[in-house]
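Notes follow once the structure below has been shown.
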Amino acid sequence: MFQKIVFSVLITLFFPLFTGVCLSQELNCTVDVVSPQVQDAAAQAVFKNMKDAIYQFMNSTKWTSDNFTPQERIECSIFINITSENSASDFNATMQIQSRRPVYKTSFNSPQLNFQDNNIDLVYVLNQPLLFNINVYSDNITSLLAFYAYVIIATDYDTYSQDGGTPYYLKAQNIVTNAQNSGYKGWNPQDGDQTRYWLVNNLLDESYYAPLRKAAYMYHRLGLDVMYQDPVKGRNQILSALQDVQQVYNSRPANYNVQLFFNAKSAELVNIFSEATDGEKSQVVRILNAIDPTNIDKYSVLKPSE
C-alpha cells in the first residue's frame with residue numbers, strides 16, 4: 001500500500017514535467033522537397049536530408065510559451081521546389097506555405113495561408129544542423145523557416161482573439177530586421193512589394209491594416225465557429241468581415257496582404273454562401289467582385305437566379 005502511495009505521489013509531482021514535453025510544440029507541419037530540374041544523385045541525397053532536417057526543425061522547436069495538445073497543433077505544410085543548383089550546397093527554389101484551422105464542432109479545416117515565396121536561396125550542407133536564435137542572424141534557411149513558423153502561428157492566433165497574433169508577427173519582423181544585411185532577397189523593402197518584409201510590416205501597420213486583422217477574427221471566431229448553431233448569424237459576421245477587407249482594399253488597392261487573404265479564402269467563400277439567401281448572395285458577390293477581381297469567374301456561381 002505504501003509503495004502505491006509513493007508511486008502516486010511521484011506521478012503527481014512529475015506529471016507536469018512529462019506534459020510539458022508532450023504539450024509543447026505548436027506545429028504539425030508536413031514538408032516536401034521536390035527537384036524536377038536537379039536530378040543528380042549527390043543533390044538528391046542533400047534534398048532528402050534537408051527535408052528531414054526541416055521537418056524536425058519546424059515540429060520540434062518550441063515557438064511560443066503556450067502548451068499545445070497533439071490535437072491542438074496547427075496543421076501546416078511547406079512545399080519546396082528546387083529550381084536550379086548553383087553549387088553542391090546552394091540552390092534556388094520556391095517555397096509554398098499553407099496552414100489551416102479547425103472550425104468549431106465540425107470536421108472542416110478552414111485554410112488560413114496559401115502563398116508562394118519565389119525569392120528563395122537555400123544554402124544547405126548535408127547533415128547540417130538547423131540552429132536558430134531569434135536575436136541573431138545565422139543563415140538564410142533557418143531565418144526563412146522561423147519567419148514562416150511565426151507567421152503561421154500569428155495568423156492562427158489572430159483568428160481566436162482580436163490581434164492575438166501580434167507577439168508572433170513582431171518576432172517575424174525581428175527576423176526580417178536581422179536578415180536585412182544577409183544579401184538574400186525578400187528581407188528588404190526594395191526587393192518588391194510581395195516579400196517577407198512587406199508581408200509582416202503591412203500587418204503591423206495599424207493605420208491601414210487593422211481592419212484586415214479584425215476581419216480575421218470576425219470571419220473565423222464570430223463567423224465560421226458559430227455556423228454549426230446559427231448559419232445566418234455566421235454568414236452575417238463573415239459578410240461584415242469582408243466589408244472590413246474592402247476597407248483595406250479601398251485604401252490600398254491590389255495589396256499583397258488582401259491578395260493572400262483571397263488566395264486562402266476564395267473557394268471557401270463560395271461554399272459558405274452557396275446556401276445563402278438571394279439578398280446575401282447579391283451583397284457578397286458585389287463586394288467580392290470589387291475587391292477580388294481575379295476570382296470573378298469563381299464567384300459567378302453565387303449570382304442569384306433571375
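The values are calculated or read from the model by the stated rules, or taken from the named source; none is laboratory data. Given the structure is predicted, the values throughout are model-derived calculations rather than measurements. Backbone-built Cβ (ideal geometry, glycine too); neighbour counts: all protein chains shown.
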When residues of the stretch 85-107 are filtered for being over 16 Å from THR30 (Cα atoms), in contact with a strand residue (DSSP E or B) (Cβ under 9 Å, 6 or more places away or on another chain) and in contact (Cβ under 8 Å) with a residue 40 or more places away in the chain, how many remain? 4
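Let's see how each residue does on (1) hydroxyl-bearing (Ser, Thr, Tyr); (2) part of a helix (DSSP H, G or I); (3) at pLDDT 95 or above:
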residue	(1), (2), (3)
TYR209	yes, yes, yes
LYS214	no, yes, yes
TYR219	yes, yes, yes
LEU242	no, yes, yes
ASN250	no, yes, yes
PRO253	no, no, no
LEU260	no, yes, yes
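For the structure I just gave you, tell me whether VAL232 is buried (at least 17 other Cβ atoms within 10 Å of the Cβ) and either without any contact (Cβ under 8 Å) to a residue 60 or more places away in the chain or within 25 Å of ASN109 (Cβ to Cβ) (or both).
Against the criterion (buried (at least 17 other Cβ atoms within 10 Å of the Cβ) and either without any contact (Cβ under 8 Å) to a residue 60 or more places away in the chain or within 25 Å of ASN109 (Cβ to Cβ) (or both)), VAL232 does not qualify.
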How many residues does the stretch 84-118 contain that are part of a strand (DSSP E or B) and surrounded by 15 or more Cβ atoms within 10 Å (Cβ to Cβ)? 20
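Based on what the data block shows, is ASN188 in contact with a Phe, Trp or Tyr (Cβ under 8 Å, 6 or more places away or on another chain), polar (S, T, N, Q) and within 21 Å of VAL301 (Cα to Cα)?
When the stated conditions are applied, ASN188 does not pass them.
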Considering only residues that are under 26 Å from PHE68 (Cβ atoms) and in a loop (DSSP other than H, G, I, E, B), look in the stretch 1-51 and name the one that is modelled with the lowest pLDDT. LEU23
Run down ASN188, ASN181 and say which single residue is in contact (Cβ under 8 Å) with a residue 12 or more places away in the chain and either surrounded by fewer than 17 Cβ atoms within 10 Å (Cβ to Cβ) or over 20 Å from PHE262 (Cα atoms) (or both). ASN181
Kindly indicate whether any position in the stretch 214-224 is of a type in the set (A, V, I, L, M, F, W, C), surrounded by fewer than 20 Cβ atoms within 10 Å (Cβ to Cβ) and over 19 Å from the mean Cα position of the chain (by Cα). yes
Against the conditions (1) farther than 26 Å from SER107 by Cα; (2) under 17 Å from the mean Cα position of the chain (by Cα); (3) in contact (Cβ under 8 Å) with a residue 40 or more places away in the chain; (4) outside any helix (DSSP H, G or I), where does ILE54 fall short? Just the number, please. (4)
Taking the criterion of being among the polar types (S, T, N, Q), without any contact (Cβ under 8 Å) to a residue 12 or more places away in the chain and surrounded by 12 or more Cβ atoms within 10 Å (Cβ to Cβ), would at least one residue in the stretch 284-293 satisfy it? yes
Extreme residue, nearest to MET50 (Cα to Cα), among residues of the stretch 119-129 that are surrounded by 18 or more Cβ atoms within 10 Å (Cβ to Cβ) and not β-branched (Val, Ile, Thr): TYR124
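To keep it simple, each residue is scored yes or no on (1) among the β-branched types (Val, Ile, Thr); (2) out of contact with any strand residue (DSSP E or B) (no Cβ under 7 Å at 6 or more places or on another chain); (3) assigned to a loop (DSSP other than H, G, I, E, B); (4) at pLDDT 95 or above.
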| residue | (1), (2), (3), (4) |
| --- | --- |
| PHE147 | no, yes, no, yes |
| ILE152 | yes, no, no, yes |
| TYR160 | no, yes, yes, yes |
| TYR169 | no, yes, no, yes |
| ASN174 | no, yes, no, yes |
| GLY183 | no, yes, yes, yes |
| GLY186 | no, no, yes, yes |
Restricting to the stretch 191-213, and then to whatever is closer than 19 Å to LYS265 by Cα and in contact with a strand residue (DSSP E or B) (Cβ under 9 Å, 6 or more places away or on another chain), can you tell me which residue is surrounded by the fewest Cβ atoms within 10 Å (Cβ to Cβ)? GLN194
